[in-house]
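Asker: Pasting a structure below so you can have a look.
The values are calculated or read from the model by the stated rules, or taken from the named source; none is laboratory data. All of these numbers come straight from a predicted model, not from anything done at the bench. For neighbour counting, all protein chains shown are included, and Cβ atoms are generated from backbone atoms with ideal geometry for every residue, glycine included.
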Amino acid sequence: MKFWQASEHRASFEHARLLTAHHSKSFYISARMLPRERRWATYALYGFCRYADNLIDNPRQRSAAELLAEADFIANELRIAYRTGESEHPVIHPFIVAAKRYGIPIEYPLDLLKGVKMDIQRTRYRTFEDLYVFCYRVAGVVGLMMTHVLGYKDRAAFQYAEKLGVAMQLTNILRDVKEDKNMGRIYLPREELRRFGVAEQDIIHERMTDNLRELMQFQVERAHHYYEEANQGIPMLYRKSQFAIYSASKIYRGILRKIEARDYNPFLGRVFVSQMKKIGILSREILRTRFNPLPERLPQGA
């Protein structure tokens, strides 16, 4: 019997599938195209990551101290689950089954929770190096976990997966400058604000100065650079999984193109890639990568 069909796991994996379908229609469509076993593991991984993200995205009426305590509780439950191989937590239950099956190190989900705690405790970052740590924790480690699930032919794929996660988080930051400042957060590093002559008040009061435009252009080009680096690692993945990562890279770079088309102004409303365009990108990548006639050999366990 397949792991997601076992009587003790069936309900929690179905819950993870429904979470994926509810929160991200395009990701759900992409996941459904994966080989069946990897598909269900992806639902489990997504469910855990979404649950962790929602501590910030949906804080309810909880104080910062209460959210930090909740993150600590999840981290402790993860440690027990990794030791025992089981959990009654509805999100951790399927995640630990997938994590054990695909060899996901405990450091990755724990780092994700550290990133969540950073977002609760910090609203500013001094340098890009500081911001990179945050991007790594909330997005880079997601790429590392997904690499375990998707399968790889070369362990060098992990360093590229980290870069893609960072690129995608930088894209989120550039897309959400207005929304974030309305919540009291400015992710653009203070050191770089000073270097480009941008005051925090310019962002807070939505003053689109030439200096801010130059800073935004610099950040967009940095994100593009990370995508270029990351794309070198996608051919190192299991071929039947490559389409999902090529698609994610192209869709997120589409957000950068939208920012560029608005002359780098982050105050004109949130940019997005249409559902139709996402499906078009996904379809093309499936055709391009899944029907490659060349045979493929994977190392054992990949």
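Asker: Take the residues in the range 157-180 that are in contact with a Pro (Cβ under 9 Å, 6 or more places away or on another chain) and of a type in the set (Lys, Arg); name whichever of them is surrounded by the most Cβ atoms within 10 Å (Cβ to Cβ).
Answerer: Checked the range 157-180; the qualifying residue surrounded by the most Cβ atoms within 10 Å (Cβ to Cβ) is 175.
Asker: Could I ask something else about it? Can you pull out the helices (runs of 4 or more DSSP H) entirely within the range 187-302 that have at least 1 residues that are of a type in the set (A, V, I, L, M) and crowded, with 21+ Cβ neighbours inside 10 Å? First the steps, then the outcome.
Answerer: Details: elements: 190-195, 200-204, 210-231, 239-261, 275-290.
Once the helices (runs of 4 or more DSSP H) in the range 187-302 are filtered for at least 1 residues that are of a type in the set (A, V, I, L, M) and crowded, with 21+ Cβ neighbours inside 10 Å, what remains is 200-204, 210-231, 239-261, 275-290.
Asker: Still on this structure, please answer the following. Since residue 176 meets every condition but one in (1) within 26 Å of residue 272 (Cα to Cα); (2) without any contact (Cβ under 8 Å) to a residue 24 or more places away in the chain; (3) acidic (Asp, Glu), which condition does it not meet?
Answerer: Of (1) within 26 Å of residue 272 (Cα to Cα); (2) without any contact (Cβ under 8 Å) to a residue 24 or more places away in the chain; (3) acidic (Asp, Glu), only one is false for residue 176: (2).
Asker: Would you mind finding the one in 138, 142, 149, 133 that is surrounded by fewer than 22 Cβ atoms within 10 Å (Cβ to Cβ), under 15 Å from the mean Cα position of the chain (by Cα), in a helix (DSSP H, G or I) and assigned by TED's automatic domain parsing to the domain that holds residue 253?
Answerer: Unique residue meeting the criteria: 133.
Asker: Additional query: So residue 154 clears everything in (1) under 30 Å from residue 235 (Cβ atoms); (2) within 15 Å of the chain's Cα centre (by Cα); (3) surrounded by fewer than 17 Cβ atoms within 10 Å (Cβ to Cβ) except one condition, right? Which one?
Answerer: For residue 154, the exception is condition (2).
Asker: What's the number of the condition residue 126 fails, among (1) closer than 29 Å to residue 5 by Cα; (2) outside the structural domain of residue 17 (by TED's automatic domain parsing); (3) charged (D, E, K, R)?
Answerer: (1)
Asker: Are any residues in the range 189-221 closer than 23 Å to residue 138 by Cα and in contact (Cβ under 8 Å) with a residue 60 or more places away in the chain, and if so, which ones?
Answerer: Listed by number, the residues that qualify are 189, 190, 191, 192.
Asker: Mind listing whichever residues of the range 120-130 are surrounded by fewer than 19 Cβ atoms within 10 Å (Cβ to Cβ), in contact (Cβ under 8 Å) with a residue 60 or more places away in the chain and not hydrophobic (A, V, I, L, M, F, W, C)?
Answerer: Result: 123, 124, 126, 127.
Asker: Within the range 47-60, identify whether any single residue is within 23 Å of residue 28 (Cα to Cα) and small (Gly, Ala, Ser), and answer yes or no. First the steps, then the outcome.
Answerer: Of all residues in the range 47-60, those within 23 Å of residue 28 (Cα to Cα) come to 47-58.
Then drop every residue that is not small (Gly, Ala, Ser), which leaves 47, 52.
Within the range 47-60 (the criterion being within 23 Å of residue 28 (Cα to Cα) and small (Gly, Ala, Ser)), the answer is yes, since at least one residue qualifies.
Asker: May I pose another question? Based on this model, can you work out whether residue 184 counts as surrounded by fewer than 17 Cβ atoms within 10 Å (Cβ to Cβ), out of contact with any strand residue (DSSP E or B) (no Cβ under 6 Å at 6 or more places or on another chain), in contact (Cβ under 8 Å) with a residue 12 or more places away in the chain and more than 19 Å from residue 258 (Cα to Cα)?
Answerer: Here the answer is yes, as residue 184 does meet what is asked.
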